[in-house]
Amino acid sequence: MNSADLLTDAFTRIQEAVHSAVEGLSTDDLHVRLDDGANSIAWLVWHLTRIQDDHVSDAAGVQQVWFSQEWASRFDLPFDKGATGYGQSSKQVAAVRVGSPELLLGYYDAVHEQSVEFISGLHPRSLERIVDETWSPPVTLGVRLVSVVADDLQHVGQAAFVRGSLERR
């Protein structure tokens with residue numbers, strides 16, 4: 001197994017976990033917040049998808065799926081179209097309302113497809129390429145991709161927790 005295969009496997013496991021957290025839920029269930037300060041499944045999955053879309057498309061030098069496939073207009077959220085959820089207030093989290101589980105999964109799957117297409121063509125040496133010089137030390141492509149995997153896994157785990165809580169009610 002090479003590094004591209006390993007990363008593809010990691011991103012595919014995220015996709016499986018996202019589907020497991022979302023499939024079969026009602027639209028209302030997507031928006032439940034366990035308390036006033038908690039994140040909903042809709043927000044968690046939208047956010048992890050936005051971060052993956054933003055970070056991987058930047059590293060790949062391609063436009064975000066959010067814009068290229070017009071997901072921003074399909075979601076029609078009440079804040080800047082470029083928002084990823086990073087640093088959002090509780091009020092902004094509550095404003096992430098999606099029309100259906102299929103919309104949320106459609107966007108995730110489109111981002112996953114673009115991510116895996118990029119990752120599958122990577123040569124191991126390309127993981128050493130600097131993609132962000134604003135950090136010290138500068139961030140390599142390998143570190144950026146692992147960071148996305150780690151962030152996505154944390155958020156999809158939180159979504160699975162919320163789903164489990166809903167199922168026990």
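To the nearest 20 Debye, how big is the dipole of segment 38-169 about its Cα centre, given +1 on the beta carbon of each Lys and Arg and -1 on that of each Asp and Glu? The partial results should precede the final answer.
Numbers: 11 positive and 16 negative charges, 99 e Å.
Roughly 480 debye for segment 38-169.
Which FRET efficiency, nearest 0.05, do residue 167 and residue 102 yield, Cβ-Cβ r, R0 22 Å?
Numbers: r = 20 Å, r/R0 = 0.90.
Once rounded, the FRET efficiency stands at 0.65.
Out of the GluC sites (Glu not before Pro) in segment 97-149, which ones are loop residues according to DSSP with at most 10 other C-beta atoms within 10 Å? It would help to have the intermediate numbers written out before the result.
Working: sites: 102, 113, 117, 128, 133; in loops: 133.
Here the sparse-neighbourhood loop sites are 133.
So what's the back-of-envelope 222 nm ellipticity for the chain, counting only DSSP H runs of four-plus at -39500 (n - 2.57) apiece and dividing by all residues, rounded to 500? Kindly include the intermediate steps, with their values, before the conclusion.
Working: 8 runs with 105 residues, N = 169.
That calculation yields -19500 deg cm²/dmol at 222 nm.
What is the spin-label model distance, in nm, from residue 86 to residue 1 if the labels are put 7 Å beyond Cα along the C-beta direction?
About 2.9 nm, to one decimal.
Using a 10 angstrom cutoff on alpha carbons, build the Gaussian network for the chain and name the most mobile of 76, 36, 54.
36
Would you mind working out the accessible area per residue for the chain, using a 1.4 Å probe, and quoting it in Å²? Intermediate results must be reported in sequence, preceding the final value.
Working: 8630 Å² over 169 residues.
In whole numbers, the chain has 51 Å² accessible per residue.
Sequence-distant or interchain residues sharing an amide H contact under 5 Å with residue 140, placed H: which?
The answer is 131.
I need the semi-axes of the equivalent ellipsoid of segment 41-169: take the C-alpha gyration tensor, multiply each eigenvalue by 5, square-root it, list largest first in whole angstrom. Let's see the in-between values first.
On the way: eigenvalues 140, 55, 44 Å².
Each semi-axis is √(5λ); the values are 26, 17, 15 Å.
Percent of accessible area on segment 16-169 owned by carbon and sulfur, 1.4 Å probe?
Numbers: 3960 of 7790 Å².
That share works out to 51 percent.
Positive end of the charge dipole of the chain (Lys, Arg +1 and Asp, Glu -1 on Cβ, about the Cα centre): tell me which of 59, 21, 105 has its Cα farthest that way.
The listed residue farthest towards the positive side: 21.
Quick one: 3J(HN,Hα) in Hz for segment 133-138, Karplus 6.51/-1.76/1.60 with θ = phi - 60°, rounded, Gly and Pro as x.
3J(HN,Hα) across segment 133-138, in whole Hz: 8, 7, 9, 10, x, x.
The values are calculated or read from the model by the stated rules, or taken from the named source; none is laboratory data. All figures in this text were calculated on a predicted structure; none of them were measured in a lab. Cβ atoms come from the backbone with ideal geometry, glycine included; neighbour counts cover every protein chain shown. The protein model used for the area step is the full one, side chains on, heavy atoms only, and it has no ligands, DNA or RNA in it. Shrake-Rupley method; radii C 1.70, N 1.55, O 1.52, S 1.80 Å.
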